[in-house]
1. Would you pick out the residues in region 75-120 that are of a type in the set (Asp, Glu), assigned to a loop (DSSP other than H, G, I, E, B) and in contact with a strand residue (DSSP E or B) (Cβ under 7 Å, 6 or more places away or on another chain)?
2. Does any residue in region 29-44 that is under 12 Å from ALA105 (Cα atoms) and in contact (Cβ under 8 Å) with a residue 60 or more places away in the chain come within less than 8 Å, Cβ to Cβ, of a residue that is crowded, with 24+ Cβ neighbours inside 10 Å and of a type in the set (Ser, Thr, Tyr) six or more places away or on a different chain, and which pairs are these?
3. Can you find a residue in region 100-120 that is assigned by TED's automatic domain parsing to the domain that holds ARG231 and of a type in the set (D, E, K, R)?
4. Checking GLY61 against (1) under 22 Å from PHE47 (Cβ atoms); (2) at pLDDT 95 or above; (3) in contact with a His (Cβ under 9 Å, 6 or more places away or on another chain): exactly one of these is not met. Which one?
5. Looking only at residues that are surrounded by 23 or more Cβ atoms within 10 Å (Cβ to Cβ) and in a strand (DSSP E or B) in region 144-183, which one is modelled with the lowest pLDDT?
6. Give the residue that is modelled with the highest pLDDT, with candidates limited to residues of region 217-272 that are of a type in the set (Asp, Glu) and assigned to a helix (DSSP H, G or I).
7. Exactly one condition in (1) under 15 Å from VAL276 (Cβ atoms); (2) of a type outside the set (D, E, K, R); (3) more than 17 Å from the chain's Cα centre (by Cα) is not met by VAL67; state its number.
8. Filter region 32-55 down to the residues that are closer than 25 Å to ILE295 by Cβ and assigned to a strand (DSSP E or B) and list them by number.
Amino acid sequence: MTHAIRVHQTGGPETLKWETVELPPPAAGEIQVRHTAVGLNYIDVYFRTGLYPAPLPLTPGFEAAGVVAAVGAGVTELRVGERVAYATGPLGAYAEARNMPADRAVKIPEGVSDQQAAAMMLQGMTAEYLLRRTYPVKKGDTILVHAAAGGVGLILCQWAKHLGATVIGTVGSDAKAELARANGCDHPIVYTREDFHARVMEITGGAKLPVVYDSVGKDTFAKSLDCLALRGMMVLYGQASGKVPPFDLGELSAKGSLFVTRPTLFSYTATRQELVDCANALFDVVGRGIVKIAINQTYPLREAAQAHADLEARKTTGSTVFTV
């Protein structure tokens with residue numbers, strides 16, 4: 001027996017319940033992980049609310065770190081006692097312990113703590129594929145990052161700055177602007193009082209941008225398109241403000257042969273090799289101090305409802321970790 005957060009009916013944070021659950025031995029190809037830290041991500045909200053459908057009851061969470069407690073038949077790459085982390089599912093991380101496919105977990109290197117790993121795997125690997133593969137940022141690029149003081153946003157700002165980019169970022173307050181600036185954002189824009197499109201035009205001298213990284217969605221999408229230069233790319237990787245409504249694809253032509261993509265980490269880590277390469281690239285920049293992981297909030301796992309409420313109210317910055 002172990003404990004886990006369970007959702008029996010989709011809805012608000014109050015649907016997250018701390019319950020006792022059965023945990024069988026790991027099946028063939030699986031490992032059993034005793035969690036030490038679990039990551040909180042906005043995608044967890046999407047599953048809790050039903051925006052992303054999943055069979056009920058469900059245990060949310062894609063990201064955690066811990067120790068291998070048991071291995072199933074055929075597992076040779078990981079051993080009992082090794083520290084591991086994961087971020088690409090399947091669902092079920094909001095638990096004291098769980099079974100999962102061995103090929104979805106990676107070893108945590110020396111110098112990276114369990115809390116760091118739980119805080120950075122999903123957000124950091126997301127930043128890796130966005131910056132290095134979806135649109136490969138290069139020296140001299142000027143880019144726009146929405147929600148620049150969020151977990152992915154802070155990593156994007158640091159990593160993009162290392163790659164030689166000038167970073168513009170939107171934030172919701174002066175305090176978040178200072179946080180983003182301290183993490184590599186050259187031009188934080190407080191969207192509650194400034195028009196980010198007007199500021200982008202001012203900062204770039206009307207040249208606009210090759211790429212916009214947008215995890216906000218409905219509230220920022222239209223103006224983000226207007227920030228793009230000829231053949232620019234709109235990278236919509238989240239929808240914190242809601243789904244982008246349907247629009248006429250002819251607008252992409254009229255605005256300069258623009259590209260729009262809706263990528264996911266799961267598509268960019270579909271194979272074992274892609275997952276390992278992505279994780280190793282992240283471990284490398286964290287290990288060298290290029291990217292610092294800001295764990296700005298921790299909650300006991302049983303208080304997941306409060307953490308979700310704070311996340312949705314935009315009271316959090318950087319990464320949030322559940323302690324187990």
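1. Once the filter is applied, which keeps residues that are of a type in the set (Asp, Glu), assigned to a loop (DSSP other than H, G, I, E, B) and in contact with a strand residue (DSSP E or B) (Cβ under 7 Å, 6 or more places away or on another chain), region 75-120 yields GLU82, GLU96.
2. Close Cβ pairs satisfying both conditions: VAL33/TYR86.
3. no
4. (3)
5. GLY150
6. ASP226
7. Of everything listed in (1) under 15 Å from VAL276 (Cβ atoms); (2) of a type outside the set (D, E, K, R); (3) more than 17 Å from the chain's Cα centre (by Cα), VAL67 misses just condition (1).
8. Of everything in region 32-55, those that are closer than 25 Å to ILE295 by Cβ and assigned to a strand (DSSP E or B) turn out to be VAL33, ARG34, HIS35, THR36, ALA37, VAL38, GLY39, LEU40.
The values are calculated or read from the model by the stated rules, or taken from the named source; none is laboratory data. Since the structure is predicted, the reported quantities are computational estimates derived from the model, not experimental observations. Counting neighbours? That spans all protein chains shown, and the Cβs are built from the backbone with ideal geometry, glycine included.
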